[in-house]
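Every number in this text was worked out from the coordinates using simple rules, so none of it is lab data. Note that this is a predicted model, so its numbers are computed, not measured. Backbone-built Cβ (ideal geometry, glycine too); neighbour counts: all protein chains shown.
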Amino acid sequence: MKRDLALLLGILLALLAALLLWALHATLALEPGPRLAELASARLEETGVSNPVTAVLLNYRAYDTLLELAVLLAALLGIWSLGPAPAGYQRSGPALAALVDWIVPLAILAGGYLLWVGGHAPGGAFQAGALLGAAGVILRLSGEPSAGLPGEPAQRWLVVLGAGVFAVVGGGLLASGFGFLTYPPGQAKWLILLIESAATVAIGVTLTAAYVGGRPGSGTAHNGTGQSRTVQR
Amino acid sequence: MSAQFLYGGAGILLFALGLWSLLVHEALLRKLIAINIAGGGVFHVFIAIAYRGDTAPPDPVPHALVLTGIVVAVSATALVLALHRRLEQAEESAADAEGRSESASASSAAPPPRTPTERTPTERTPTELTPADLTPADLTPETLHPETPHG
Amino acid sequence: MADLLILPVLVPLLGGLLATALPVRSALVGTLAALATSLSGLGITLLVWLHGDLGTVLGGWGVPLGIGLSADGLSAALLAMASLVALAISIYAGSYFAGSAQARHFWPLWLLLWSALNGVFLAADLFNLYVMLELLGLSAAALGALTGKREAIAANLRYLLVGLLGSLTYLLGVALLYTAYGTLDIGLLGERLGPTPIAATALALMVSGLALKTALFPLHFWLPPAHANAPAPVSAALSALVVKASFYLILRLWTELFAPIADIGAATLLGLLGAGAVLWGSWRALRAQRLKLLAAYSTVAQIGYLFLFFPLLASLPPGTARDDLFAACVLMALTHGFAKAGFFLAAGLVQRKAGHDRISELGGVAQRMPATTFSIALAGSALVGLPPSGSFIGKWVLMRGAFETGQWWWLPVTVLGTLLAAAYVFRVLSRAFGLEPTPLQFVTNARSEIPALLLAFASVALLGLAAGPVWAILGFGAAPA
Amino acid sequence: MPTLLLLFDLVLLATLIVLALATVLSPEPRRAVMLFIAFGLWLALVWARLRAPDIALAEAAIGAGMGGALMLAAARRAAHRDEAAGGDGDKRA
């Protein structure tokens, strides 16, 4: 019965896929319209960065990126609302600890590098922030319950830093007559770098805090249900 | 054109596969993985249409859209997993409470039900707490079933 | 001046960030931000009222590179409704969560949700809408699970997954449109779009994704548990506002972007689903044991009415009759926003007072909470569509349209739905009265009872007796007599 | 040359689809998540081939990396519970 249903759904979805494939084929067979590639590269010089993807993310479509940071924050706030973090992992042995001592600074350095090259080569705030997040994950796995994050008040300021700086820059530009997130000529480069640096820190902290999985501050969680027991690695 | 269709088509197949798995499988983790695969398929379509051969530079706009999409997807994944963990906790503590109330009713009469009075979320006397109440954080009287016999 | 269009998104976003950073002061920050957001939304409505449609492109790049914001009559009408309803919910929430640890979780998420809501109403870019919808969905699911109850978490987990699926389906449609037409701007796409199979596929994908998010029958299965188990202010926001965001988007895409493709056949399909929603939702509301579950099923039914307008709109040529139908559809959506928010807020007070919301055991609530019972009665009459509520006018125009276009089969659906609604509202009211003595006070807790009362009152009087402004802001002539 | 490239593309994509299928069809949580991470990394590889290095980097780090780490913690819990509960773990997995 259940197998039949799965089969039926499979057939229906195969039909849907066939329809979509046909639609995609028909779409691609059209005269390729101008799209945005030429336009985006034609005005790349005015954006203050030379990596086209960074230009789209932080200049042409910066509004989307601001809201994307808000989405990340909303997820973390949702996680925090569900209660304190579960207990962490057992402290790792000396060999692994020594490795962690190497990996974490390396990840942070690599994150800084990715942030810097993002202006002209592959990289940028999100990739750099993800590396910081990875450093946090490794720290937590090695037995650091807070994953290297500061206490609750500082953590709260850090997670709003990205969207905060972004929105304040945007609002400031609006107030000074340029329009929301319309960078004044010549200033785009350093404003983007400012926003990206703040975003990198916020993304790193938010991803780490999401991995920790609960409200900070109150130490380790209750241990009544066996859910939060220390997991052996 | 052909490379675009080849890769874009693979994206559509991934979307359909993820959708199928989402509808067919019961376990939450499998549903979540299915959604992520379907999402990967949609992103793949964007990357495929941005590709314009090995000579022309690719269209950066879909690339930026996909980057946004990836971050949104990981945010949603994190929230889903946190909700899931909380649900497991709530279910386990509910099962514990059930077991305890069964043993309690065997030895004595059922405790009187809570009187229906207006309560504010802060109103919570320590003596009312049972071990089952302590497990989930931020419990307020409204979160407990008023009909749950306790206190 | 059009630069100011960003404010209804920016103000709550900044407020939400500040409320996150200052958890101890989150209620104060939240209340102030709510006031400012409401004012900015009403300000934009006023600007549209005075100067007509507004539009701007962020970043100074112009379309198609930049992201456009625009406010026309439809956006302004929904923005105004959201500003008023969300302000009332905020004031109520201030009292509801006072002193609770939940307050510090509620305010930031609520302000982010509001930001996304306004963002949907003002966006003119298909991908920006995707991000907005995700922000809306994530913050709504997080808020809905705030009680920590098992049912609430399970319901919102499902809501979150369903929402993600809806957004992805929508996004795939956007991918097809971008491939074919090379832009994400709704205005530009509207100019380029023709009646091609590609556009039809994209329409089907986008509308089915959004229909899932707006809980159109039979995709409504996730809504009743999610809305019924949230804290009262959140239930009000979910039912009154969040489902309206995706409905608004369907209406806008259907009537503007996809006008060349959305023919009578497709519209009739939507109408049939709407009819199913009206009958099934009303029936389940009548059978519901709990007050908030009743309200949630009533939302399913009320969403259904909105879709009954689609086949009529499709079969009428542009002109006064069509304008009236369009305005009546918007009017019904607005009325439902006010009425359902008022209903849920009042139901939350009943739940607090009685300790439960089982309808059969509500005896005597009316005497102990006269203002709240009055709110339920007023909001209920607007849900039924009694005169002079806004939905009375809406249903009247709907039925007239069904007559004029010869689609008489929508008439029995409307009548039957109305009778069922009358039955479920009367069932609640008949249980609310008991034999207890009446207290001297009409209002017992002003900060939470008055917002509910004002919302319910607005659904009946403001939108019923004075529906003219809705027609005016949509750019149509006078309201039908 | 184009045929060789086409063959290369086909192999890339076939592997991608097979990885996705294996992920979706794997009932054991930890195995499924491992396969999902492999799928994400392969997807990143395909995107690098499509000249999207930025996005490949992001998918590898955020989609497969962070997403996978989050899921792995959940899968480990599910596996522990299954072991603790003996046979009846699948009903709530």
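Average projection, convex hull of the Cα set of the protein assembly as shown: 38.3 square nanometres. Mean per-residue shielding of peptide A:8-14 is 4, counting Cβ atoms of other chains within 10 Å of each Cβ. Note on segment A:1-129: dipole from Cβ charges, positive end direction compared against A:TRP102, A:LEU73, A:PRO84; the farthest Cα belongs to A:PRO84.
Along the axis of the charge dipole computed for segment C:240-293 (Cβ charges of +1 for Lys and Arg, -1 for Asp and Glu, origin at the Cα centre), the listed residues C:LEU272, C:LEU293, C:LEU257 are led at the positive end by C:LEU293.
Largest first, the three principal axis extents of the alpha carbons in segment C:272-473 are 57, 34, 20 Å in whole numbers. Give me the percent relative contact order of chain A, please, defined on Cα pairs under 8 angstrom at least 6 residues apart. About 29 percent, as a whole number.
In order along segment B:68-73, phi translates into HN-Hα couplings of 4, x, 4, 5, 4, 5 Hz, rounded to whole numbers, per the Karplus curve 6.51 cos²θ - 1.76 cosθ + 1.60 with θ = phi - 60° and x for Gly and Pro. Between segment C:116-137 and segment C:187-214, the alpha-carbon centres lie 16 Å apart. Of the peptides C:306-317, A:89-100, B:29-40, the order by per-residue mean of other Cβ atoms within 10 Å, starting with the highest, comes out as B:29-40, C:306-317, A:89-100. The mean number of partner chain beta-carbon atoms within 10 angstrom of a residue's beta-carbon across peptide C:120-131 is 3. Kirkwood analysis of the Cα pair distances in chain C returns a hydrodynamic radius of 22.1 Å. Each helix, a run of at least 4 DSSP H residues, gives -39500 (n - 2.57); summed and divided by the residues of chain A, these come to -21500 deg cm²/dmol at 222 nm.
Candidates C:GLY364, C:PHE326, C:PHE338 compared by Cα position along the dipole of segment C:272-473: farthest toward the positive end lies C:GLY364, with charges placed on Cβ. Computed on chain D, with alpha-carbon pairs under 8 angstrom and 6+ residues apart, the relative contact order is 23 percent. Cα centroids of segment C:359-398 and segment D:1-33: how far apart, whole angstrom? That distance is 57 Å. When only the Cβ of Lys, Arg, Asp and Glu is charged (+1, +1, -1, -1), the dipole of the protein assembly as shown relative to its Cα centre reaches about 1480 debye. Each peptide in C:363-370, C:452-459 gets a packing score, the mean of other Cβ atoms within 10 Å over its residues, and the list from highest to lowest is C:452-459, C:363-370.
This model, with +1 at the C-beta of Lys and Arg and -1 at the C-beta of Asp and Glu, gives segment A:19-168 a dipole about its Cα centre of some 280 debye. Segment A:49-76 and segment C:45-85 have Cα centres spaced 21 Å apart. For chain C, complete DSSP H runs whose alpha carbons reach 30 Å or more along their own long axis and whose mean Kyte-Doolittle score is -1.0 or higher are C:26-51, C:73-96, C:150-181, C:264-287, C:291-315, C:320-354, C:410-432. In straight-distance terms, cross-link reach from C:LYS353 covers every one of the lysines whose alpha-carbon lies under 29 Å from its own, apart from those fewer than eight places away in the same chain; here that gives C:LYS149, C:LYS292, C:LYS340. The mean count of C-beta atoms from other chains within 10 Å of the C-beta of residues in C:158-168, rounded to a whole number, is 6. Magnitude of the charge dipole for segment C:272-473, about its Cα centre and with charges confined to Cβ atoms of Lys, Arg (+1) and Asp, Glu (-1), is about 560 debye.
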